[in-house]
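Here the structure comes first, spelled out in structure tokens, and everything after it is commentary.
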Amino acid sequence: MKRPVIGITSSIGEIPGRRNAFEFTSGIDYNQSVLDAGGIPFILPNHSNNEIIKEQISHLDGLLLSGGVDLDPLLYGENCLENLGSISPERDFFELAILSEYLKTGKPVLGICRGLQLINVHYGGTLYQDVSYIERDINIQHRQKYLPELPTHDIKIDKNNLLYDILGEKARVNSFHHQMIRTLGKNLTVIATAPDGVIEAFQDKKHPFFYGVQWHPEMMAARGDENMKKLFRAFVEACMK
């Protein structure tokens, strides 16, 4: 059986020790998790050519929107607040453009961390620019200081979705983010939350396979977590259809 090609979005970073020199980067764990699940990872460079975006999409069986820097608040009508982190308008433009075009194919989409946030903004939702702007009854640590594969807080999962089938009603996940969903985008359904109310996962139920998760399953899967491996296998298997 032919292995599906999974497009993985990339970050833009400066090349250390060089002036005005940049590179596209992708976390190894994304690639390893897709490989282990039976897919072919294909790293997508950021650019602004819509014709090339369409050509890239024609070669993809699935799209993985990866983690990274904050989204530009301009995208959801806000000014930059004091605790906003680094932003990358070039990456925002590319990922919103490729997501918009890719949705027309009906093929599987998985958003991870920033990927979940980008999807939410694409669907008309907004973000908290930093966890400090949220009033919570319990201060869950969402940017952990531990090993990447170590799960550090619980999530509660609703029934009748892929995550429930894999993880059950309650699971424990890792966490590496300081922004989170404020208002949910149109047509998205929340399917998992943290004890402090932070949205940890959603889906578009009108789409055959369209999920976003706030944690980093690739870090856990690449280091042996069987449940997170199942999530990537489900993604890759959906890309074969």
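The values are calculated or read from the model by the stated rules, or taken from the named source; none is laboratory data. Note that this is a predicted model, so its numbers are computed, not measured. No Cβ is skipped: glycine too gets one built from the backbone with ideal geometry, and neighbour counts run over all protein chains shown. Side chains included, ligands, DNA and RNA excluded: accessible areas come from the protein's heavy atoms. Shrake-Rupley method; radii C 1.70, N 1.55, O 1.52, S 1.80 Å.
Report the extension gain between Asp158 and Leu74 in nm, rounded to one decimal, defined as 0.36 nm multiplied by the number of residues separating them, less their alpha carbon distance.
27.0 nm
Quick one: grab the alpha carbon gyration tensor of the range 1-55, order the square roots of its eigenvalues as a ≥ b ≥ c, and give me rounded if a/c is under 1.5, else prolate or oblate depending on whether a/b is larger than b/c.
In terms of gyration-tensor shape, oblate.
Per-residue ellipticity at 222 nm for the chain, helices alone: DSSP H runs ≥ 4 residues times -39500 (n - 2.57), over residue total, nearest 500 deg cm²/dmol?
Computed mean residue ellipticity for the chain: -7500 deg cm²/dmol.
Working out 0.36 nm times the residue gap between Arg223 and Lys54, then minus their Cα-Cα distance, what length gain in nm do you get to one decimal?
Fully extending the segment from Arg223 to Lys54 adds 57.4 nm.
Would you rank Lys186, Lys205 by solvent-accessible area, highest first, keeping every protein chain in place and using a 1.4 Å probe?
Largest accessible area first, the residues go Lys186, Lys205.
What whole-number distance in Å separates the alpha-carbon centres of the range 178-220 and the range 92-115?
14 Å
Taking only C-alpha pairs under 8 Å that are 6+ residues apart, what is the relative contact order of the range 1-130 in percent?
28 percent
What is the spin-label model distance, in nm, from Phe24 to Glu90 if the labels are put 7 Å beyond Cα along the C-beta direction?
About 1.1 nm, to one decimal.
What number of lysine-lysine pairs in the chain show an alpha-carbon separation below 15 angstrom, given a sequence spacing of 8 or more or placement on distinct chains?
So the count of such lysine pairs works out to 12.
When the dipole is taken about the Cα centre of the range 1-130, and only Lys, Arg (+1) and Asp, Glu (-1) are charged at their Cβ, what size is it in debye, to the nearest 20?
500 debye
Can you list the residues, at least 5 places off or on another chain, whose amide H is less than 5 Å from the amide H of Ile191, using H built in the peptide plane?
Counting only residues 5 or more places away or on other chains, the set is Ala201, Phe202, Gln203.
Could you pull out every residue, at least 5 positions away or on a different chain, whose amide H is within less than 5 Å of the one on Ile8? Hs are placed 1.01 Å off N in the peptide plane, and Pro or chain starts have none.
Residues meeting the criterion, in which the H sits 1.01 Å from N, are Phe42, Ile43, Leu44, Leu64.
Quote the relative contact order of the chain in percent (integer), defining contacts as alpha-carbon pairs under 8 Å separated by 6+ residues.
Reported as a whole number, the value is 22 percent.
By its C-alpha gyration tensor, with a ≥ b ≥ c as the square roots of the eigenvalues, how is the range 51-142 shaped: rounded for a/c under 1.5, else prolate for a/b larger than b/c, else oblate?
It is prolate, given that a/c is not under 1.5 and a/b is the larger ratio.
State the extension gain, in nm to one decimal, for the chain segment bounded by Arg172 and Glu135, taking 0.36 nm per residue of separation less the distance between their alpha-carbons.
That pair, Arg172 and Glu135, stretches by 11.1 nm at full extension.
So what's the net charge close to Glu95: Lys and Arg +1, Asp and Glu -1, counting the other residues with Cβ under 12 Å from its Cβ?
That works out to -2.
Rank by packing, highest mean first: peptides 130-136, 76-82, 120-126, with packing defined as the count of other Cβ atoms within 10 Å averaged across residues.
Ranked by mean Cβ neighbours within 10 Å, highest first: 120-126, 130-136, 76-82.
How high is the relative contact order of the range 60-129, given as a whole-number percent (alpha carbon pairs under 8 Å, six or more residues apart)?
It comes to 50 percent, rounded to a whole number.
How big is the gap, in Å, between the Cα center of the range 5-27 and the Cα center of the range 30-88?
The two parts, judged by their Cα centres, are 12 Å apart.
Along the charge dipole of the range 49-133, which of Leu116, Pro73, Gly62 sits closest to the positive end, that is, farthest toward it, with unit charges on the beta carbon of Lys, Arg, Asp and Glu (+1, +1, -1, -1)?
The one lying farthest along the dipole's positive direction is Gly62.
Which Cα, out of Val190, Leu231, Ile15, lies furthest along the positive dipole direction of the chain (beta carbon charges, K/R +1, D/E -1)?
Leu231
Sort the chain into rounded, prolate or oblate with this rule: let a ≥ b ≥ c be the square roots of the eigenvalues of the Cα gyration tensor; rounded if a/c is under 1.5, and if a/c is not under 1.5, prolate when a/b is larger than b/c, oblate otherwise.
rounded
Take each of the peptides 156-167, 210-221, 15-26, 57-68, average the number of other beta-carbon atoms within 10 Å over its residues, and list them starting from the highest.
So the peptides 156-167, 210-221, 15-26, 57-68, ranked by packing, come out 210-221, 57-68, 156-167, 15-26.
How much net charge surrounds Asn187 when only the other residues with a Cβ under 14 Å from the Cβ of Asn187 are counted, with Lys and Arg +1 and Asp and Glu -1?
+2
What is the P(r) of the range 103-183, as percent of Cα-Cα pairs per 10 Å bin from 0?
P(r) over the range 103-183, rounded to whole percents: 15, 38, 40, 7, 0.
Net charge within 11 Å of Met219 by Cβ-Cβ distance, Lys/Arg positive one each and Asp/Glu negative one each, not counting Met219 itself?
-3
Just to be sure I understand the model, the point goes 7 Å from the Cα along the line to the Cβ. What's the resulting Arg143 to Val5 distance in nm?
Once both label points are built, they end up 3.7 nm from each other.
Heavy atoms of the protein only, probe of 1.4 Å, neighbouring chains included. What is the accessible area of Val190 in Å², nearest 10?
The accessible area comes out at roughly 40 Å².
Roughly how many Å² is the accessible area per residue of the range 63-130, as a whole number, for a 1.4 Å probe?
35 Å²
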